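The values are calculated or read from the model by the stated rules, or taken from the named source; none is laboratory data. Since the model is a prediction, treat every value here as computed from it, not as a measurement. Using ideal geometry, Cβ is built from the backbone for each residue, glycine included, and neighbour counts are taken over all protein chains shown.
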Amino acid sequence: MRTARHLSPALLGAVLALTACGAQDGGATGTEPTAQEASHTCGVPEPDPDRPTVGDGTFPVTVTDVTGEVSIEEEPQRIVSLSPSHTEMLFAIGAGDRVEAADEYSTYPEEAPDTDLSGFEPSVEAVTEYDPDLVLLAHSAEATADQLDAVGIPSLVIDAAEDLEDTYAQIRMLGDVTGNTEEADAEATRVENEFTEIVENVCEETEGGGLTFYQELDETSYSATSNTFVGQIYESFGLVNIADAADEDGSASGYPQLSQEYVVEQNPDLIFLSYGDESTVTQVAERPAFDTITAVQNDAVYLLDADIASRWGPRVVEFAELVGQAVIENAGS
């Protein structure tokens, strides 16, 4: 029996898989464009020179979320976080002891008080039972902000990060609204420095990458292009994403559904699975014609921890380590 190659224990990542819903089919063999074989640039983009400045830790403080400018009058003491990435950020900047409740998917860190609260369709009645003085909402729950405002509860609606700069900015923003500005600035700096160091070390060791890859988000073969947050992580290592050619017109919003024939035709050097367990790796290898794919032949089918691969919080460093490990193992193969 084929042995799964683990980057870490695999978990089902609901957040990333859900964002893929509704994307278009990647098409049939012979009809799609071919992924570029030329080596992509390996490395991290230059830092944004226009990053927002860090606050001074005093209140009231005004920040900008999806809805516009929001003023937080006093330092919050009872926070409800309905976004797993932001729950992780709160704990990373030392504000975890003020998180009274978190949504059902906020399972990290272990001390996070996850509940059956929904981050996708929040119940205002259920949220108010925790008597919060600040609620963090995902963009999909924007309508809930007005309902919370009506009962006098401040909230922030924070969009999913589009790139690493968004991750650093969101960490620092949460520092501003919790009063933990110094801790948040230090954490954002740590994440950026460690991510950059990992990428630079891998790029130096592998001399620029150029391997092709396919990330499968779920059992229906949805994938993510380089225009997504997760896709940009791979791109940092100079990897060529076979999903890019299947969504050149952007009709799938970065999440095309690829046909099995297309994957075989593109012949990726690496395959990353964001779901399943060891048996999933075996099943991938047993698909029709998949035994001809380089990734399968070289035992380069990897199980990701889907939570890490679907969130844009501090553990993006761990994700970079996992991808970098795979690149090093297969460079020159």
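Look through G13, G27 and report the one residue that is over 19 Å from E162 (Cβ atoms), in contact with a Leu (Cβ under 9 Å, 6 or more places away or on another chain) and modelled with pLDDT under 85.
Going through G13, G27 in turn, just one is over 19 Å from E162 (Cβ atoms), in contact with a Leu (Cβ under 9 Å, 6 or more places away or on another chain) and modelled with pLDDT under 85: G27.
Please verify whether V301 is closer than 21 Å to E197 by Cα, in contact with a helix residue (DSSP H, G or I) (Cβ under 7 Å, 6 or more places away or on another chain) and crowded, with 17+ Cβ neighbours inside 10 Å, treating the condition exactly as stated.
Against the criterion (closer than 21 Å to E197 by Cα, in contact with a helix residue (DSSP H, G or I) (Cβ under 7 Å, 6 or more places away or on another chain) and crowded, with 17+ Cβ neighbours inside 10 Å), V301 does not qualify.
Is it the case that P122 is modelled with pLDDT of 95 or more, within 25 Å of A309 (Cβ to Cβ), assigned to a loop (DSSP other than H, G, I, E, B) and over 21 Å from the mean Cα position of the chain (by Cα)?
Answer is yes for this residue.
Checking the condition within 17 Å of the chain's Cα centre (by Cα) and either in contact (Cβ under 8 Å) with a residue 24 or more places away in the chain or farther than 20 Å from G94 by Cβ (or both), which residue from A160, A184, A143 passes?
A160
Tell me whether the stretch 93-116 contains one or more residues that are in a loop (DSSP other than H, G, I, E, B), under 18 Å from D176 (Cβ atoms) and among the aliphatic types (A, V, I, L, M).
yes
Determine which single condition A184 fails, assuming it passes every other condition in (1) under 17 Å from Y302 (Cβ atoms); (2) in a helix (DSSP H, G or I).
All conditions pass for A184, except number (1).
Quick one: N227 ticks every box in (1) closer than 19 Å to P52 by Cβ; (2) within 21 Å of the chain's Cα centre (by Cα); (3) not aliphatic (A, V, I, L, M) bar one, so which box is it?
With respect to (1) closer than 19 Å to P52 by Cβ; (2) within 21 Å of the chain's Cα centre (by Cα); (3) not aliphatic (A, V, I, L, M), N227 is out only on (1).
Scan G238, G231 and give me the residue that is of a type in the set (G, A, S) and touching a Cys at 6+ places or on another chain (Cβ under 7 Å).
So the residue among G238, G231 that is of a type in the set (G, A, S) and touching a Cys at 6+ places or on another chain (Cβ under 7 Å) is G238.
When E37 is evaluated against the numbered criteria (1) modelled with pLDDT under 85; (2) surrounded by 13 or more Cβ atoms within 10 Å (Cβ to Cβ); (3) touching a strand residue (DSSP E or B) at 6+ places or on another chain (Cβ under 8 Å), which criterion, by number, is the only one it fails?
Of everything listed in (1) modelled with pLDDT under 85; (2) surrounded by 13 or more Cβ atoms within 10 Å (Cβ to Cβ); (3) touching a strand residue (DSSP E or B) at 6+ places or on another chain (Cβ under 8 Å), E37 misses just condition (2).
Can you name every residue in the stretch 93-112 that is in contact with a helix residue (DSSP H, G or I) (Cβ under 9 Å, 6 or more places away or on another chain) and closer than 14 Å to L136 by Cβ?
Matches in the stretch 93-112: I93, A95, G96, R98, V99, A101, A102, D103, Y105, S106, A112.
Has the stretch 258-273 got at least one residue that is under 15 Å from S223 (Cβ atoms), assigned by TED's automatic domain parsing to the domain that holds Q232 and without any contact (Cβ under 8 Å) to a residue 40 or more places away in the chain?
yes
Residues checked against (1) among the hydroxyl-bearing types (S, T, Y); (2) at pLDDT 95 or above; (3) surrounded by 17 or more Cβ atoms within 10 Å (Cβ to Cβ); (4) touching a Pro at 6+ places or on another chain (Cβ under 8 Å):
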position: E142; (1), (2), (3), (4): no, no, no, no
position: A145; (1), (2), (3), (4): no, yes, yes, no
position: I171; (1), (2), (3), (4): no, yes, yes, yes
position: L174; (1), (2), (3), (4): no, yes, yes, no
position: T181; (1), (2), (3), (4): yes, yes, yes, no
position: E204; (1), (2), (3), (4): no, no, no, no
position: G208; (1), (2), (3), (4): no, no, no, no
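Let me spell it out: the conditions are (1) surrounded by fewer than 23 Cβ atoms within 10 Å (Cβ to Cβ); (2) of a type in the set (A, V, I, L, M, F, W, C); (3) part of a strand (DSSP E or B), and V80 meets all of them except one. Which number is the exception?
V80 satisfies all of (1) surrounded by fewer than 23 Cβ atoms within 10 Å (Cβ to Cβ); (2) of a type in the set (A, V, I, L, M, F, W, C); (3) part of a strand (DSSP E or B) except (1).
For the stretch 219-233, state whether one or more residues are surrounded by 24 or more Cβ atoms within 10 Å (Cβ to Cβ) and over 25 Å from A331 (Cβ atoms).
Checking the stretch 219-233: at least one residue is surrounded by 24 or more Cβ atoms within 10 Å (Cβ to Cβ) and over 25 Å from A331 (Cβ atoms).
Answer yes or no as to whether Y168 is aromatic (F, W, Y), under 27 Å from T189 (Cα atoms) and touching a residue at least 12 places away in the same chain (Cβ under 8 Å).
Criteria met by Y168.
Residues being more than 16 Å from L258 (Cα to Cα), assigned to a loop (DSSP other than H, G, I, E, B) and among the hydrophobic types (A, V, I, L, M, F, W, C): count how many of those fall in the stretch 187-231.
1
Name the one entry in V66, V54, V70 that is over 30 Å from I242 (Cα atoms), at pLDDT 90 or above, surrounded by 15 or more Cβ atoms within 10 Å (Cβ to Cβ) and not assigned by TED's automatic domain parsing to the domain that holds E265.
The conditions single out V70.
Within the set of pairs 6 or more residues apart or between chains, which connect a residue that is among the acidic types (D, E) inside the stretch 276-299 to a residue that is part of a loop (DSSP other than H, G, I, E, B) with Cβ atoms less than 8 Å apart?
D277/A4; E278/T3; E278/A4; D299/R2; D299/T3
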